[in-house]
Amino acid sequence: MDYRESTEEMYVEIDSQSGFCHGVVNAITKAEQALASHKHLYCLGDIVHNTNEVDRLQGIGLSTIDTGVFKNLSNSIVLLRAHGEPPSTYEEARQRNITIIDATCPVVLRLQQRVKAAHEEMKAVNGQVVIYGKHGHAEVVGLLGQTGNTAIVISSRDEMNKVDLSRPIAMFSQTTQNIEKYHLLAKEMEQIIAGKVSFRWHDTICRQVANRDGHLREFARIFDVIVFVSDKKSSNGAYLYSICKQENAQTYFISSPSELQSSWFTSESKVGISGATSTPKWLMENVQTAIYDLV
């Protein structure tokens, strides 16, 4: 960190550990490589939860489609984003001669395989697979598909009543969930069950995401102002922004440089810029430039 505490001029630093995770980088790289040899490419769902990056890729030929459009495609090329897809998507592609470019994050892919194996194990003992995650999230939809959509999804301890605690349980987490909340939920269920039935919970949270918490808390504390850059539909962005806000009351959430306000800064402000795992570095660099121009 190159924080120049002694300077009396404005200083704006981008968090070196913010921005795209490896899974998103891989998906975007695969899209750019495909578009270098094809004028057009479909992507099933937003390749990343950031409108600015989606618009950039659209400018070079990437078209975002939903499942309704996908079901009517044939003889096309479709990229599957890092979040992963259920088995039904691959079967539909095979039936309609759709070429798949699979950019499923390796961490998500391993989780899918583990959930599928646990589903088979639980069927044999009248058990259940539980997924801790956000209802309707693309990754969760892909995980559900590994169980024939029979897994139980819970997003908080308030939904624990959906789970039959008298039957065996195998529990997993969406890779981007809050690690502390998941561990607390698992421990509480463990205490309630108290060894009466088999209960196995697996920590499947991506450490590249989870490990940002501690660094981000430190980063937020050493600046006068924090500008957090993220798309409003990014769950990861909302969570990481809340971490910054806890540590620094002068934390502001924006999605583009146009949302900056001069009243947030002085000519001597020390400003830190951070972003979600779905926030492109080029966007944070544009925000950095805009802050310097603003004051």
Condition first: of a type in the set (S, T, N, Q) and more than 23 Å from VAL287 (Cβ to Cβ). Can you find one or more residues in the stretch 10-20 that meet it?
no
Filter the stretch 212-235 down to residues that are buried (at least 21 other Cβ atoms within 10 Å of the Cβ) and of a type outside the set (A, V, I, L, M) and give me whichever is farthest from ILE47 (Cα to Cα).
PHE223
Going by the structure shown, is GLY45 surrounded by 13 or more Cβ atoms within 10 Å (Cβ to Cβ), touching a Leu at 6+ places or on another chain (Cβ under 8 Å) and either touching a residue at least 24 places away in the same chain (Cβ under 8 Å) or more than 25 Å from VAL141 (Cα to Cα) (or both)?
no
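State all residues of the stretch 48-81 that are among the β-branched types (Val, Ile, Thr), buried (at least 19 other Cβ atoms within 10 Å of the Cβ) and in contact (Cβ under 8 Å) with a residue 40 or more places away in the chain; if no residue qualifies, say none.
VAL48, the sole residue that qualifies.
To keep it simple, each residue is scored yes or no on (1) outside the structural domain of ILE254 (by TED's automatic domain parsing); (2) at pLDDT below 95; (3) touching a Lys or Arg at 6+ places or on another chain (Cβ under 7 Å).
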residue: HIS49; (1), (2), (3): yes, yes, yes
residue: ASP55; (1), (2), (3): yes, no, no
residue: ILE60; (1), (2), (3): yes, no, no
residue: SER63; (1), (2), (3): yes, no, no
residue: PHE70; (1), (2), (3): yes, no, no
residue: LEU73; (1), (2), (3): yes, no, yes
residue: ARG81; (1), (2), (3): yes, no, no
residue: SER88; (1), (2), (3): yes, no, no
residue: GLU91; (1), (2), (3): yes, no, no
Against the condition assigned by TED's automatic domain parsing to the domain that holds SER155 and either hydroxyl-bearing (Ser, Thr, Tyr) or at pLDDT 95 or above (or both), how does ILE131 come out, does it pass?
yes
So which of SER263, SER269, SER258 ends up being exposed (fewer than 15 other Cβ atoms within 10 Å of the Cβ) and farther than 20 Å from ASN52 by Cβ?
SER263
Picked from the stretch 165-176 (must be surrounded by fewer than 19 Cβ atoms within 10 Å (Cβ to Cβ) and closer than 24 Å to GLN112 by Cβ), the residue nearest to the chain's Cα centre (by Cα) is PRO168
Taking the condition under 30 Å from VAL125 (Cα atoms), among the aliphatic types (A, V, I, L, M) and surrounded by 15 or more Cβ atoms within 10 Å (Cβ to Cβ), does LEU185 pass?
yes
Can you tell me which condition GLY195 does not meet? The list is (1) modelled with pLDDT under 95; (2) loosely packed, with under 14 Cβ neighbours inside 10 Å; (3) not in a helix (DSSP H, G or I); (4) not assigned by TED's automatic domain parsing to the domain that holds ARG167, and all the others hold.
(4)
Which residue pairs have Cβ atoms closer than 7 Å, lie 6 or more positions apart in sequence or on different chains, and pair a first residue in the stretch 245-257 that is in the same structural domain as LYS233 (by TED's automatic domain parsing) with a second residue that is in a loop (DSSP other than H, G, I, E, B) and among the aliphatic types (A, V, I, L, M)?
ILE254/LEU260
Out of curiosity, is SER37 surrounded by fewer than 14 Cβ atoms within 10 Å (Cβ to Cβ) and either farther than 24 Å from ASP231 by Cβ or not charged (D, E, K, R) (or both)?
yes
For ILE101: the one exception among (1) out of contact with any strand residue (DSSP E or B) (no Cβ under 8 Å at 6 or more places or on another chain); (2) in contact (Cβ under 8 Å) with a residue 60 or more places away in the chain; (3) hydrophobic (A, V, I, L, M, F, W, C)
(1)
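The values are calculated or read from the model by the stated rules, or taken from the named source; none is laboratory data. Bear in mind that the values here come from a model prediction, so they are computed numbers and not experimental data. Cβ atoms come from the backbone with ideal geometry, glycine included; neighbour counts cover every protein chain shown.
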